[in-house]
Ligand SMILES: [Zn+2]
């Protein structure tokens, strides 16, 4: 009996560091995210690279961009990538007019996606145009949570939104910079019509993260939320 007890105690000590290591490895995850699509050419180019490199990504689509680009939306879905909702108009005046209009824009986009795919997807993953910083407050938070949405900002920004024409090597350099100590990385990139240099940088970005031992994953309704803390003075 005593021996058994000793063995149990010993196995605990032996297994803890092993478990620790496994957990650390599992946490090294990268979520590639592409905002503002779908677009012809650019989104398709990104999809080609993702297929070649055999990795999956998450596309934060804008509802009105889907119109006349339905085949691109279908391809994203068919090739196993995930969707996030990124409003219908991406027009800050409309989107941020009120928490109600923000939520309505997300619902419209969800509806559009399902209409085109002829599916009944329940996408709870959302992203604020421009990120949640300075926009998310208690009122928005309550409206968002009432609908069960999950907010995703980022901790790696290749800076292709504000500066789409930076040389590709700059995007690769930026992709290595993380704004916090998380082993999980959420990389922000774009697939607007002006993001050709993002397409050029993408193979090197993916190779870098493969070399660093990262696992590529998609953001789903079960993924741990990631958003910037909002200020207490915004509380109502
Ligand atoms: Zn955007």
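What tally of residues in segment 103-128 results from selecting those that are within 14 Å of the ligand (Cβ to nearest atom) and in contact with a helix residue (DSSP H, G or I) (Cβ under 6 Å, 6 or more places away or on another chain)?
Residues that pass the stated criteria total 3.
For segment 49-68, give me the residue count where each residue is surrounded by 19 or more Cβ atoms within 10 Å (Cβ to Cβ) and within 16 Å of the ligand (Cβ to nearest atom).
9
Report those helices (runs of 4 or more DSSP H) wholly inside segment 137-236 carrying at least 3 residues which are at pLDDT 95 or above and under 16 Å from the mean Cα position of the chain (by Cα).
Counting at least 3 such residues, we get 196-211.
Give the residue, chosen from 93, 176, 146, that is farther than 25 Å from residue 40 by Cα, free of Cβ contacts under 8 Å to residues at least 60 places away in the same chain and within 16 Å of the ligand (Cβ to nearest atom).
93
Within segment 49-81, can you find the residues that are over 21 Å from residue 187 (Cα atoms) and either in a helix (DSSP H, G or I) or in contact with a helix residue (DSSP H, G or I) (Cβ under 7 Å, 6 or more places away or on another chain) (or both)?
Once the filter is applied, which keeps residues that are over 21 Å from residue 187 (Cα atoms) and either in a helix (DSSP H, G or I) or in contact with a helix residue (DSSP H, G or I) (Cβ under 7 Å, 6 or more places away or on another chain) (or both), segment 49-81 yields 63, 64, 65, 66, 70, 71, 72, 74, 75, 78.
Just the residues that are out of contact with any strand residue (DSSP E or B) (no Cβ under 7 Å at 6 or more places or on another chain) and away from the ligand (no atom under 16 Å from the Cβ), please, taken from segment 149-173.
Once the filter is applied, which keeps residues that are out of contact with any strand residue (DSSP E or B) (no Cβ under 7 Å at 6 or more places or on another chain) and away from the ligand (no atom under 16 Å from the Cβ), segment 149-173 yields 165, 166, 167, 168, 169, 170, 171, 172, 173.
Only one of (1) free of Cβ contacts under 8 Å to residues at least 24 places away in the same chain; (2) part of a helix (DSSP H, G or I) is not met by residue 108, so which one is it?
Here residue 108 meets the rest and fails (1).
The values are calculated or read from the model by the stated rules, or taken from the named source; none is laboratory data. For clarity, every value in this text was computed on a predicted model and none was experimentally measured. As a convention, Cβ positions derive from the backbone with ideal geometry for all residues, glycine included, and neighbour counts pool all protein chains shown.
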